[in-house]
Ligand code: F6P
């Protein structure tokens with residue numbers, strides 16, 4: 001029997017979202033099912049008329065799978081339970097949203113999101129008794145129960161390339177280069193791109209550091225005869241005395257940013273070296289997806305449709321040990337998957353002589 005899937009992207013964008021949609025649309029069309037794309041997360045359904053469109057395989061025959069961003073648009077600030085209205089008031093619009101899904105005669109819902117989105121969606125789907133599957137995406141790679149989320153590999157590639165570009169200029173000017181990358185509360189991007197990009201020091205929120213230890217490592221590099229050093233820092237790293245670096249935007253929203261500048265000054269003083277800072281920011285999110293992200297997106301999208309076909313709901317598809325699995329969505333959002341301090345990558349970095357600023 002023909003079924004109708006609603007799909008949307010939710011939370012911050014990243015590379016690979018369009019590739020996920022392509023996989024869902026192509027495999028659903030193989031079953032003779034229809035896919036309806038909702039615009040701007042679930043917020044599109046709260047508009048009158050609803051902002052949604054049928055996604056056909058033909059749409060994905062073009063260049064879309066290769067593009068960053070999301071053709072459906074997304075948002076990380078329109079929680080239906082605390083919806084900010086244009087007049088500044090806040091309303092619970094969850095019942096309206098559930099009614100909108102019903103009015104469109106949606107059988108199944110696929111949300112492509114991170115932990116924040118999945119917490120809200122899980123609550124919504126439970127409340128409305130809707131049949132939901134989550135597909136993990138986040139450059140932060142901090143979703144529990146999946147080794148990788150869509151977007152992480154591309155973000156790491158961009159950060160690694162930034163290190164490759166900083167190295168020659170660091171060497172030409174005898175400088176210490178500090179690169180600040182995203183990652184919210186987990187240091188996966190900094191750790192992975194730090195190793196791949198040849199960092200001398202990697203600072204992540206999971207490992208406390210001192211400026212003295214960073215300076216010790218940089219001095220050691222200089223004494224060994226190398227005239228430059230590369231420092232990778234994750235945006236959520238605090239000052240040694242626990243101060244966060246946050247930018248407060250209009251409306252009171254906060255985002256991390258600025259620890260790199262702070263450390264640049266500290267490192268310059270402590271090592272007497274010329275130091276420069278680069279904050280990579282959203283450049284990590286908008287790239288064309290790497291082949292790994294395209295493959296992950298494809299495998300997870302196909303699996304999501306297969307779960308719906310089997311009548312399995314309230315699950316998140318996940319990548320684990322070179323296989324696609326599915327896990328209860330409750331488990332996926334139960335905690336943030338931060339960097340384990342005895343993980344293989346931390347041990348590898350230490351064995352390579354990379355300092356975390358802790359010794
Ligand atoms: O969660 C993804 C992420 O890019 C984080 O790494 C970063 O802290 C945050 O989103 C930035 O959010 P926004 O796009 O709202 O500035």
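The values are calculated or read from the model by the stated rules, or taken from the named source; none is laboratory data. Everything numeric in this text was worked out from a predicted model, so none of it was measured. For neighbour counting, all protein chains shown are included, and Cβ atoms are generated from backbone atoms with ideal geometry for every residue, glycine included.
Exactly one of (1) outside any loop (DSSP other than H, G, I, E, B); (2) more than 16 Å from the ligand (Cβ to nearest atom); (3) buried (at least 17 other Cβ atoms within 10 Å of the Cβ) is unmet by residue 95. Its number? In the conditions (1) outside any loop (DSSP other than H, G, I, E, B); (2) more than 16 Å from the ligand (Cβ to nearest atom); (3) buried (at least 17 other Cβ atoms within 10 Å of the Cβ), residue 95 misses (3) alone. The number of residues in segment 106-120 that are crowded, with 20+ Cβ neighbours inside 10 Å and in a loop (DSSP other than H, G, I, E, B) comes to 2. Within segment 280-321, being within 16 Å of the ligand (Cβ to nearest atom) and surrounded by fewer than 23 Cβ atoms within 10 Å (Cβ to Cβ) holds for 280, 281, 282, 283, 285, 286, 287. Please go through segment 26-43 and pick out each residue that is assigned to a helix (DSSP H, G or I) and in contact with a helix residue (DSSP H, G or I) (Cβ under 7 Å, 6 or more places away or on another chain). Within segment 26-43, 26, 27, 28, 29 qualify.
State the number of residues belonging to segment 224-240 that are assigned to a loop (DSSP other than H, G, I, E, B), within 16 Å of the ligand (Cβ to nearest atom) and in contact with a helix residue (DSSP H, G or I) (Cβ under 7 Å, 6 or more places away or on another chain).
2
Quick check on segment 66-87. Is at least one of its residues in contact with a strand residue (DSSP E or B) (Cβ under 9 Å, 6 or more places away or on another chain), under 18 Å from residue 121 (Cα atoms) and part of a strand (DSSP E or B)? Checked segment 66-87: at least one residue is in contact with a strand residue (DSSP E or B) (Cβ under 9 Å, 6 or more places away or on another chain), under 18 Å from residue 121 (Cα atoms) and part of a strand (DSSP E or B). Exactly one residue among 124, 143, 166 is closer than 26 Å to residue 318 by Cβ and more than 15 Å from the chain's Cα centre (by Cα), and that residue is 124.
Just to be sure, is residue 44 more than 23 Å from residue 293 (Cβ to Cβ), free of Cβ contacts under 8 Å to residues at least 40 places away in the same chain and crowded, with 17+ Cβ neighbours inside 10 Å? Here the answer is yes, as residue 44 does meet what is asked.
Yes/no matrix, rows are residues, columns are (1) modelled with pLDDT of 95 or more; (2) under 19 Å from the mean Cα position of the chain (by Cα); (3) within 16 Å of the ligand (Cβ to nearest atom); (4) farther than 22 Å from residue 150 by Cα:
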position	(1), (2), (3), (4)
28	yes, no, no, no
37	yes, no, no, no
48	no, no, no, yes
55	yes, no, no, no
69	yes, yes, yes, no
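For segment 1-19, enumerate the residues that are more than 16 Å from the ligand (Cβ to nearest atom) and either modelled with pLDDT of 95 or more or within 20 Å of the chain's Cα centre (by Cα) (or both). The answer is 3, 4, 5, 6, 7, 8, 18, 19.
Considering only residues in segment 259-269 that are more than 16 Å from the ligand (Cβ to nearest atom) and surrounded by 20 or more Cβ atoms within 10 Å (Cβ to Cβ), the one that is farthest from residue 112 (Cα to Cα) turns out to be 267.
Scanning segment 4-20 for residues that are touching a strand residue (DSSP E or B) at 6+ places or on another chain (Cβ under 6 Å) and at negative phi gives 4, 5, 6, 7, 8, 9, 10, 14, 17, 20.
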